[in-house]
Amino acid sequence: MSWIWPTYIHRDLPLTGQQRKAIHRDAWKLWWANRRNITLYLTLPALYLLTVFFVSDMAGRLATIISAGGFTHKLFRAAAPFALFVICFVVGGAVLQRSRFAPCVYQATRRHGYDVCAKCGYWLKGLCEDSRRCPECGMQREAMPPPGAP
């Protein structure tokens, strides 16, 4: 199931199911607190609704140009909104999830006292304190927040 909705919590972290749920609850709180996230996610259905009729019409014109008639013409006009739906909601949702929700999970994990990279979520356990960069992505290592920080 993680390939459909990845958790973004490093799998080697010694967490119970309850702790993982708590991190996800905190991540959702962080996500909802940022109005830009809500705006970006609401643009997906707006984009779909604004372009679906145009795309269907353009697909019909394309079918006419390639001299496809009857069933093929109808198929082009019917498949275009479905392809647009997949692009807007599946691909767009996955991109926004990775770019907007994953950092919230990493921040929530850090607030629960686990030293993970704020950019990629890599568990930084065992690295010496002198190490200034994440070995996974190379991002500058941030100081850990105090336990129970908001």
Two decimals, Cα atoms only, Kirkwood Rh: what is Rg/Rh over segment 54-102? 1.23
Relative to the first principal axis of the alpha-carbon coordinates of the chain, what is the inclination of helix 102-111, with its axis defined by its Cα atoms, in degrees from 0 to 90 and to the nearest 10? 20 degrees
Computed Rg/Rh of segment 87-132, alpha carbon atoms with Kirkwood Rh: 1.15
For helix 35-65, what angle does its Cα long axis make with the longest principal axis of the chain, in degrees from 0 to 90 and rounded to 10? 30 degrees
P(r), alpha carbons of the chain - 10 Å bins starting at zero, rounded %: 10, 29, 24, 15, 12, 8, 2
Suppose every Lys and Arg Cβ carries +1 and every Asp and Glu Cβ carries -1, with no other charges. What dipole size does segment 17-111 come out with about its Cα centre, to the nearest 20 debye? 560 debye
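Every number here is computed from the coordinates shown, using simple stated rules; none is lab data. As the structure is a computational prediction, the values presented were derived from the model and not from experiment. Cβ atoms come from the backbone with ideal geometry, glycine included; neighbour counts cover every protein chain shown.
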